[in-house]
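Colleague: One structure follows; several queries about it will come next.
Nothing in this text is a laboratory measurement; each read-out follows from the coordinates by a stated rule. No experiment lies behind these values; they were computed from the predicted model shown. Because the Cβ atoms are built from the backbone with ideal geometry, glycine has one as well, and the counts that use them run over all protein chains shown.
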Amino acid sequence: MKKLLAMLLVLGLFLPAALLAEESPKEFVFYADKNAKDNHYIPSGWMGDTGDIKMNDQSAVNPKTGTTSIEFTYNAKKAQGQGWAGVYWQNPANNWGSKNGGFDLTGMNKLTFWARGAKGGEVIQKVMVGGIKGTYPDSTAVEMGPVELTDTWKQYTINLAGKDLTYINGGFGWATNGDLNPEGATFYIDDIKFEADANLKPESKKQEMMPFYIYSDRSSAKNHFIPSGWMGDYGDIKYEGASKEDPYLGDSSIKVTYSGKKTQGSGWAGIFWQNPANNWGNVDAGYDLSKAASLTFWAKGAKGGERIEEIKVGGIMGEFSDSDSAVIGPVILNKEWTKYTIDLKGKDMSYIIGGFCWSANVDNNPEGAIFYLDEIKFE
Amino acid sequence: MKKLYFFTSVFLLAALTLGMSSRPTPKVFIKKFKNGDYQLRVNSKPYIIKGVCYNPIPIGKNHEYDWWSDPNKPWEVDGRLMKEMGVNTVRLYQVHENSDEVKKVIRGLYEKYGIRTVLGSWLGFWEYPCPFYGDKKFQDRIKKEVLEMVRLYKDEPGVLMWVLGNENNYSCLGQVNPWSSDEIDKEPDPQKQKAMRAKTYYSFVNDLTREIHQIDTDHPVALGNGELVGLEFAKEYAPDVDLVACIIYRGKTFGNLFKSLKATFDKPIFISEFGADCYDAYLKKEDQNMQAFFLESQWRQIYGNLAGNKDGAGNCLGGAIFEWSDEWWKHNQDSSDSWSVQDTESNWSNGSYYFDIKAEGNKNMNEEWFGIVALSKDLEQGINPRTNSNIIDNKDSVGAGVNKRIPRKAYYVIREFWKKPDLNIKRKKK
C-alpha cells in the first residue's frame, strides 16, 4: 500500500511536469478580453502626467477579437507638468521592482499586440518590454518606436529573440508625449501576448536610413532622441519644442531660453538629446548611424550675437558609450536662420545614444540668450 | 696620378658607403610596418610600454616635495615592487631642477630594476597667469628649458622618450589655462580663434621636436595631448612628432580611439595616462575590484591594438597607468592639514566609470585613490644601498623611512595579465 501511495505521489508530482516539458507553451497572454482567465499582468504603472491618461479596459468599440479592447485617452494637458505619459503592465500591480513578482518567460521570443488610433495619425513614442529596475530588476529592457497608428487594427511585434526573459515584471508598456500628440490621442490595444516563434532570429542592429531626424516638427513621428539631458544650470533653461515663432520649415521649431541666472551655480547650461530619455550610457540603446556623413541643423538667435559654446554629436560615456563624438563651436548665431553642419566623415557613428547637444555659458551670454533650432537631422 | 685619383675615389666612395651603412640604429625608435602598424623598438627589440605614472609624494606632503632627494629613496622601494609586477617604464611629468638627483633616479631604476623612464615637460602649462604660447619670449624660454633637459639626460641609458606637454591642447580651446595674443584677439570668429591658437601651439611643439631631433637621434619625441582633441590641427602643424602621448579616461573601453587616430593623424600612440580610482563614491567605501576591473579591461584593449593584431588598429605602443601610488594631497591642495588625510570627497564626474556614478551630484572620481599601490602611515625603510636590502644595521644611517606600500588588487591582476595576456576573456563586471 505504501508502495502504491509512493507511486501515485511520484506520478502526481512529476508526470505533469514531464508532460509540460514536452509541450512547452507557445504563448503567454496579457490581455485577451476583460476578465479573461488567461490574462496576466496589470496596467498599473502609470507614469509622467498620470492625470492626462484615462483607461477603459473593457471598451466595446470595435475590438480586434472577443468583446472588449483597452481604450487609452491621453489629453496632453501636462497635469503633472511632465509633458509625457505612459503605462506599464506589472506583476503584481504597482510593482516598480520592490517585489519579487516577475515571470520567467524563457522560451518566448516575441511580444505581439494589436493597436489602432481613433482617428489615425496618433503617435506612440515607444513601446517597451522589461526595463523596470529596483531591488528585483527586469532581466532585459527592449524598446520599439515611435509607432504611428492607423485608424484600423494593425499588429505590432517586438522581437525578443536572444533576450534574457528569465525575470519580467514590466511585461509591456507604452509612452508618448505632447510634442508628438499636441491635440492628445485616443487609441486602442488588444490581444497582447508573448509568443514562441521557432523561425524568429535575434534582431541584428540595423543601420538607420538617412536622413535620420532628431527634430523635424513638433508632432513628427520622424523625430528621434529626447531632449532629456539637461546639464549645468538646468534651472536656467526653458525649452519649448513646439514654438510657432517663425519656424524655418514646417509649422514649428525649438525655442530655447537660457536665462544665465546660474540657478545651480554652474555658470553654464546645456541639453543632450538622448535615446531613450535620460540615458547617460546606462541603457544599451544606441542607434547605428553609420550611414551619416554629417549632421545639419538650422539655428538663429532672437537678437543675433548669442554665443553657443559647443554643439555636439555623441560623446556620452557610460557603461554603454557613444562610439564617437564630433563637435563644432563656439558658434555666434545670426538673427536670420543659418544652416550649420557637423562633419561626420571618418567618424564611427555605429552606436549613438546622444544624438545632439548644445551648451552655452553666462560668461559669453551675460544677459542670457534666446535661440531657435529647426530641422536637426543626420544626412 | 690616375692611380692616385682612382684610389682616392675608391677610398672616398668606400668611406661614404661604409659611413652610411654604419650609421648606428637609434637606441629607441618606432618601426612602421608595410601594413601601417607601428612598433616601438629598444636596442632593436620590440618593446611594449608597461608603464606607470610616477609621483611618489609621501603622506603629509604636497606636489612641491622633492622626493628625488629623499634620503630614503622611495624609488628604490617602488622599483623593486614594480619589477615584481612587470612594470618596465615609469612616466615622469617634469624633471626636477637638481639634475644629479634626477640622474640617480633614472640610472637607479634602470640599472637595478631594468625600468626605463619617459621624461616629460609641462611646456610652461601651469605658469601664472597662463602659458603665452603666442609670445616669442615665452616660447624661447620654454625651448631653452626643454633642450636643456634633452642635453642633460639623452645619454642616460634608462631614458625611453620625451613627452612634450600633457593636456596643453585644452588651452587652445579656452577650457583650461586660456591664453591669447593680439593677433588672435583681433579675430572676431571664436572658431577661427581656436584654430589660430591650435596652429600657434602645435607649430611650437613641432619646432621643439625638430630641434630635439637635431640634438638627440636616439629617442622619439611624443606630443602630449588630452584625448584626440585638436589632432586635426596637429596633422597640419606638427608633422615631425614621432608619436602622440594621449591622456584618456574612457572607463572600461577606449572605444574607437585607435582607429579614430589613424583616420585623423596617423601616428603611433602611447596612452600616457589612463586608469581608474578605487573608491566607490556612491557606497562610500574602497572598492579594489572596481579599479582592477577597469584596468584589466583597458590593458586588454591596449594589447589588442599593438602591432600585429589583426583585429586592432596596430598603432598602440603601450600605456602608463595613472598611477603608481596614491597621492593624499590632491583633493585640497591649499590645506596642509588635509595632506595627512586620504580624502574621500570627489570633485569631478565621469560617467564612463559607471559603478558609482549615482554618487551625489554624480561626482564619482576620487583623485586621491588612483594608486595601484596604497600608502600606509606606517613607515618602512628604504633600500639600504650598502646591503641592497631593506634590512637596517647599525652601520647605516637612514632617515625615518617611507610610507609602507600596500599593493592593491589591480597590481596583482595586471601582473598576471602581463604574464599571460589573454584578449578573449571577458570577465564579469566585478
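Colleague: Rounded to whole Å, give me the distance from the Cα center of the range B:150-191 to that of the range A:101-131.
Modeller: 55 Å
Colleague: Determine the alpha carbon to alpha carbon distance for each of B:Lys32/B:Lys235; A:Lys163/A:Lys377; A:Lys119/A:Lys154 and list only those over 21 Å.
Modeller: Beyond 21 Å between Cα atoms: A:Lys163/A:Lys377.
Colleague: Let me ask another. What pairs in A:Lys54/A:Lys312; B:Lys137/B:Lys363; A:Lys339/B:Lys259; A:Lys238/B:Lys358 have C-alpha atoms more than 32 Å from each other?
Modeller: From the list (A:Lys54/A:Lys312; B:Lys137/B:Lys363; A:Lys339/B:Lys259; A:Lys238/B:Lys358), the Cα-Cα distance tops 32 Å for A:Lys54/A:Lys312; B:Lys137/B:Lys363.
Colleague: Moving on. Give me the lysines in straight-line cross-link reach of B:Lys61: C-alpha distance below 21 Å, same-chain residues under 8 apart excluded.
Modeller: Result set, ordered by chain and number: B:Lys73, B:Lys330, B:Lys377, B:Lys404.
Colleague: Roughly how many Å is it from the Cα centre of the range B:356-370 to that of the range A:314-349, as a whole number?
Modeller: 27 Å
Colleague: Are there GluC sites (Glu not before Pro) in the range A:278-348 that DSSP marks as loop and that have at most 13 other Cβ atoms within 10 Å, and which are they?
Modeller: Qualifying residues, ordered by number: A:Glu336.
Colleague: How well do other chains shield peptide A:327-333, expressed as the mean number of their Cβ atoms within 10 Å of each residue Cβ?
Modeller: For peptide A:327-333, the averaged partner shielding equals 3.
Colleague: At a Cα cut-off below 20 Å, give the aspartates and glutamates reachable from B:Lys45, other chains included and same-chain residues fewer than 8 away excluded.
Modeller: Of all the aspartates and glutamates, those that pass the test against B:Lys45 - Cα under 20 Å, at least 8 places apart if same chain - are B:Asp37, B:Glu111, B:Asp155, B:Glu156, B:Asp216, B:Asp218, B:Asp242.
Colleague: Scan chain B and report its longest stretch carrying no GluC sites (Glu not before Pro) that are both in a DSSP loop and have at most 12 other Cβ atoms within 10 Å.
Modeller: Segment B:98-430 is the longest.
Colleague: For the Cα atoms of chain A, what angle does the longest principal axis make with the long axis of helix A:2-22, in degrees from 0 to 90, nearest 10?
Modeller: Taking the Cα atoms of chain A, the angle to A:2-22 is about 40 degrees.
Colleague: Further question on the same structure: Going by the alpha-carbon gyration tensor, a ≥ b ≥ c the square roots of its eigenvalues, is the range B:40-419 rounded (a/c under 1.5) or, if a/c is not under 1.5, prolate (a/b greater than b/c) versus oblate?
Modeller: Judged from the Cα gyration tensor, the range B:40-419 comes out rounded (a/c under 1.5).
Colleague: What pairs from B:Lys310/B:Lys419; B:Lys143/B:Lys409; A:Lys126/B:Lys192; B:Lys267/B:Lys419 go past 30 Å between their alpha carbons?
Modeller: Flagged as over cut-off: B:Lys143/B:Lys409; A:Lys126/B:Lys192.
Colleague: Size of the dipole of the protein assembly as shown about the Cα centre, Lys and Arg at +1 and Asp and Glu at -1 on the beta carbon, nothing else charged, in debye to 20?
Modeller: 2600 debye
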